[in-house]
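A short worksheet on the structure shown next.
The values are calculated or read from the model by the stated rules, or taken from the named source; none is laboratory data. All figures in this text were calculated on a predicted structure; none of them were measured in a lab. Positions of Cβ are generated from backbone atoms using ideal geometry, with glycine treated the same way; all protein chains shown enter the neighbour counts. Note: areas computed on protein heavy atoms with side chains; ligands, DNA, RNA excluded. Shrake-Rupley method; radii C 1.70, N 1.55, O 1.52, S 1.80 Å.
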Amino acid sequence: TIAIGDHKSDELFLQYQPIMDLRTGSIFGFEALARLRTDKLGLVSPLEFIPIAEKTKLILPIGEKVIVKAFRFLNRLKELGYDNICVSINISAIQLLNPDFTNRLFQLINEMQVNPNNISIEITESVVASDFDNINRIIKKMRDAGLYIAIDDFGTGHSSLARERGLNIDCMKIDHYFID
């Protein structure tokens, strides 16, 4: 729990959306989705609180809390015998471009004894478009450490498939608007 507002009961928590293999019908991963509940406002949509958190730079401590909670979830799955399950974590541009981000991420992986192969980092297409070469270097560093990297919401920004081809990524999640 992290206090966001003035009330001690304001809570940031994660919901885990299962990712299924349609061929086998089995769950092979989860996407960690940040949620906020406050006494005053009730459940607050991420579409509302994430932009505010980014604008105020609160996304940095919130993002770290999300990573820690997701890693705890991975460790709990491992304790239960599910050591091949992956957890996807959405990372904002502010987090990714913070000079300490990758070092802190690797430090948490080591401290919490999480297998990097069980971590997927999701980055929105718009982040990549903003600083392609720098983002690509950061992505390569994470992939070299064993993390799985996905571009989320592809088709909502101004990127092209030709440009995305040059990225050091494992997966591209096509947004439904692109498909429509």
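Structure notes:
- Placing pseudo-labels 7 Å out from each Cα toward the beta carbon at Gln15 and Arg35 gives an inter-label distance of 0.4 nm.
- With DNA, RNA and ligands ignored, accessible area of Lys78 (1.4 Å probe; Å², nearest 10): 120
- Among the protein heavy atoms, those of Ser45 account for about 40 Å² of accessible surface (1.4 Å probe, every chain in place).
- Estimated FRET transfer efficiency when R0 is 30 angstrom, pair Arg137-Leu80 (beta carbons, to 0.05): 0.25
- Distances between placed amide hydrogens fall under 5 Å for Ser88 paired with Phe30, Glu31, Ala32, Ser120, all partners being 5 or more residues away or on another chain.
- Residue order for Asp152, Asp144, Asp131, Asp83 - accessible surface, 1.4 angstrom probe, largest first: Asp144, Asp83, Asp131, Asp152
- Residue-by-residue Karplus 3J(HN,Hα) for the stretch 55-71, coefficients 6.51, -1.76, 1.60, Hz, glycine and proline x: 4, 8, 6, 5, 4, 5, x, 5, x, 5, 4, 4, 4, 4, 4, 5, 5
- These residues, Glu79, Glu111, Glu11, go from largest to smallest accessible area, 1.4 Å probe, as Glu79, Glu111, Glu11.
- For Phe106, solvent-accessible area (1.4 Å; no DNA, RNA or ligand), Å²: 50
- Which of Arg76, Arg143 is most accessible, then next, and so on - probe 1.4 Å: Arg76, Arg143
- Evaluating 6.51 cos²θ - 1.76 cosθ + 1.60 at θ = phi - 60° for every residue in the stretch 41-52, the Karplus couplings come out as 10, x, 7, 9, 5, x, 5, 9, 7, 5, x, 5 Hz, glycine and proline recorded as x.
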